[in-house]
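What follows is one structure encoded as structure tokens, with my remarks underneath.
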Amino acid sequence: MKRRFSQVWRVILVAALVTGLSGCGKGTAVAAPSDTSPPSVASPSTPSITSGEPTAPPTGNEGPSTTREPEDLAREGPAPKYPDQPPPNVPAPGERITVSFTGATYKTVTEKPEGWFESGQDADIVLNWFGFNDSGGALSFNHPSAMATDGEHFLLADTWNNRILIWNSLPTGNEPPDIVLGQKDFDSNDSGIGADRLNWPRGVATDGKRVVVADTYNNRVLIWNEFPTENGQPADLVLGVPDFLSRGDVPWPSPENWEKQYIIWPWAVWTDGQRLIVTSTATASVLVWNSFPTENNQPADLALTDEVGLGTPRTIATDGTRLMISDHNPRPGFEDNFFWREFPTADNQPCDFTMSNPADPLAGMLWGPTIAPDGKFLALGGANLLIWDAFPENEADMPDLIMNYHFEWGDGGSIVLGGGKVYVLMANGHRIVAFNSMPTRPDQMPDFSIGSSDIHTNPLAENYFVGNPAVVSDGEHLFAISDFNQKMLVWKGLPDESNAKPDIVYSLDFAPWDIAQHNGILAIGGKQSIYIWSRAPLEGELPDIILGPKIGNTELQSVGGVALDDEYFYVSDEHAGRIYVWHGIPNESSNPDYVIEMTPNIRRLSSDGKHLAVACYACQAVYIFSIDGIPANEAPIILQDMPTGRFNLPEGVFVDGEHLFVADTVNSRVLVWNDIPRESNVPPDIVLGEDDFEDRYPEQRMDRLFWPGTVCFDGSYLWVGEFKFSNRLVRYSVHD
């Protein structure tokens, strides 16, 4: 058991990035933990550099089409010229690229600050978010995860707003809630710890008297013994930790029966007032209290663990007699959905069967499962609502109805029934849709929505918010891409206020992962495509150069990074484990001049003309190459085992000729070196997003970061894009 916890907790951090963002199926872009065996972390071995034609890597999946049709957006000016190569390929406008102009107005920078950064300083503006400590209002939901009802009250875990919303009666339309927990009012959304604060709550349950909340990133469960009546009302009881000011963690070596005492990354909770059930995702455990807890840190009576096949259990469905648990990453040999025909009465009682997702086997999990009073079983299977007339009997039991309405499910989703209505939560749709009665037809549409003007509108998309913003600035303009939404956002001026909307939104025909600029040239890359603009696209210009899936004799598999400088153009391929280097901007027939053989899972790149920095997230290291040393196969400097500790899946890196910035993603911090290291394992000088080098908890506050994925310094401002479990784009300013 002790060994199992250490493995699973390590896996949760590795796999959260390996598997990508929430919203897609198993094995593609899913939510946090994946793979229940211990991950192999690559050693920072010395890369080898070859010149001339590389051996072609194995061919990956086919990339997006690059067939073009004319549009009425013209490119201005002649094609750029690059030395010692043919003129670049200038394609016709993109077939599926559309450009929108928002008409946004915002305050822009008029005077830039001078000075430098200091550890723990606050960020000063936030984009892709309403503002620091600003939820957007009572009916503005941000990646909500779970609902609950006792037939009278209605509760919502509004996860990224760090709050629980409560309606004192079942909503029948887009009605505001009456009470908020975790915040003092409906407008604030800072995370925190204490009896009245929350950090990324994923689950909520009630029996009509008590309220139970899975306070996920505080690694604890909070309980209100009497139904709350006031905003910000503190909880009465806490499980998983001894007091309200402690975050849960399992000591090492682990004590006897630790798996019933400690709760790490709780995801779902359920209660009928007698039993309490909690999924402790990071310990691969489902915990059951046979009688409702009455003391802080009271251990569970029963535990289901990886011994029954669980890997990272998420959701719960039960009527007190039967039990179903969905698991994002079950042990080998098990499907994602575990069914017990009778409620378990002993530790590690095996389930009766496991079932894949019958609507979408690649999606794996069934989200938001619930058992109706008449015995029907409902769940979200990917984008479909599935309804069985009775609790499934075996793994081949197919749903009796599959709804065609597209539920934007994401890494969450919930279904509750009350007052004859069926409420369905869409985690990536940021809203609830409801049916006035149990659906009976595949084409039946929801009757109303909560948190949105209508059943079809995604309210955050209306505000131009995107997932996984990767950012670059030239000091005058700002550009951000999103692989999740396949967008590129353009601010024509440098924003100087929070929630500044972009001027231009590009809807792309591929998922861009990295972005780079140099001397007015802008490049984005991802999957098997690279788009290049010869000048900053400030008027909606289409790309001048489109490359991929083949460039010369190189077949791109999965672009993880792009960079360019006066001499070279660089592309990292995370699946091939290579960095391809061309003199100047390549065209479709250009073979790389150099190939740097590295380990798979290399990601973003940055070049300042003297140094090439590489983020390797799986080997938890940063490589710094001397660009002059590339032709001579000079070994890089490697940062990994530093006195201040190791990286935890670093996603982004930036060099500017003098300084080094690293997005230490799962440690929720940005590390800054005042001078680019000249030898391996030199410790950083400054930490942003945390108070000091010891603190590594993610939080969504002005003085904290939550999984930073990209960094860019434009000489005055450091821009940081957060990844996966938070989508803020924050700015730090230098100061005297």
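Packing here is the average count of other Cβ atoms within 10 Å per residue, and on that basis the peptides 244-252, 432-440, highest first, run 432-440, 244-252. Each residue of the stretch 505-518 was assigned a 3J(HN,Hα) from its phi angle through the Karplus expression (A = 6.51, B = -1.76, C = 1.60, θ = phi - 60°), giving 10, 8, 9, 9, 9, 7, 9, x, 10, 9, 9, 8, 9, 7 Hz with x at Gly and Pro. Model label sites at residue 230 and residue 272, defined 7 Å from Cα along the beta-carbon direction, differ in position by 3.4 nm. Net charge of the neighbourhood of residue 394, taken over other residues with C-beta under 13 Å away and scored Lys/Arg +1, Asp/Glu -1, is -4. The listed peptides 650-657, 566-573, ordered by packing as a protection proxy, come out as 650-657, 566-573 (highest mean of other Cβ atoms within 10 Å first).
Averaging 1/r over each pair of different alpha-carbon atoms in the chain and inverting the result gives 26.4 Å, the Kirkwood hydrodynamic radius.
Highest mean packing first, where packing is the average number of other Cβ atoms within 10 Å per residue, the peptides 195-205, 178-188, 148-158 line up as 195-205, 148-158, 178-188. Taking the centroid of alpha carbons for each part, the stretch 376-398 and the stretch 121-174 are 28 Å apart. Work out the P(r) tail for the stretch 327-469: percent of alpha carbon pairs separated by more than 22 Å, whole number. The proportion of pairs with Cα distances above 22 Å equals 42 percent.
Over 24 Å apart at the Cα level, from the set 501/724; 501/527; 184/209; 492/610; 112/610; 487/724, are 501/527; 492/610; 112/610.
Compute log10 of I(q)/I(0) for the stretch 146-461 with the Debye formula, placing one identical point scatterer on every Cα and leaving out solvent, at q = 0.12, 0.14 Å⁻¹, to two decimals. With one equal scatterer per Cα and no solvent, log10 I(q)/I(0) is -0.75, -1.04. Charge tally for residue 291 (other residues, Cβ to Cβ under 10 Å; Lys, Arg +1; Asp, Glu -1): 0.
If Lys and Arg each add +1 and Asp and Glu each add -1, what is the summed charge of the other residues whose beta carbon sits under 10 Å from the beta carbon of residue 215? Summing Lys and Arg as +1 and Asp and Glu as -1 gives +4. Think of it as helices only: each DSSP H run of n ≥ 4 in the chain is worth -39500 (n - 2.57), and spread over all residues that comes to -1000 deg cm²/dmol at 222 nm.
Throughout, read-outs are computed from the coordinates displayed, never taken from laboratory work. Computed from a predicted structure; not experimentally measured. In this analysis, Cβ positions are derived from the backbone assuming ideal geometry, glycine residues included, and neighbour counts consider all displayed protein chains.
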